[in-house]
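Reviewing the structure listed below.
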Amino acid sequence: MKHVSNQELCPFTDIKPERMVFMKKLTKSSANKVICGVCGGLAEYLNIDTTVVRLIWALGSFFTAGAGVIAYIICAVVIPYDNQG
């Protein structure tokens with residue numbers, strides 16, 4: 001087994017940085033937005049097509065008597081924008 005110096009390890013986890021898995025962060029999309037970028041950001045986070053997310057959100061809003069619209073407004077206020085725009 002190869003000896004690893006302490007300088008090559010993460011100071012918090014004692015894991016090599018190239019072996020660490022970084023978590024994705026849910027953000028509003030500044031590049032793929034129609035209203036506020038919530039559906040675009042959710043699609044990027046889930047790695048699926050934005051149109052699918054928009055259709056599911058629209059159908060959910062229709063069948064829940066507008067609860068999806070309220071959820072969209074809350075998400076638009078709470079979720080931060082990405083740093084690309």
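Key figures
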item	result
Leading residue by the ranking (farthest from the chain's Cα centre (by Cα)) among those in the stretch 49-85 that are more than 16 Å from Val34 (Cβ to Cβ) and part of a loop (DSSP other than H, G, I, E, B)	Ala65
Among (1) in contact with a Pro (Cβ under 9 Å, 6 or more places away or on another chain); (2) at pLDDT 90 or above; (3) among the acidic types (Asp, Glu) - the single one Glu44 does not satisfy	(1)
Qualifying residue in the stretch 55-77 (condition: at pLDDT 85 or above and touching a Lys or Arg at 6+ places or on another chain (Cβ under 6 Å))	no
Positions within the stretch 21-42 being over 15 Å from Ala76 (Cβ atoms) and either surrounded by 12 or more Cβ atoms within 10 Å (Cβ to Cβ) or among the aromatic types (Phe, Trp, Tyr) (or both), in sequence order	Phe22
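The values are calculated or read from the model by the stated rules, or taken from the named source; none is laboratory data. Since the structure is predicted, the reported quantities are computational estimates derived from the model, not experimental observations. Cβ atoms come from the backbone with ideal geometry, glycine included; neighbour counts cover every protein chain shown.
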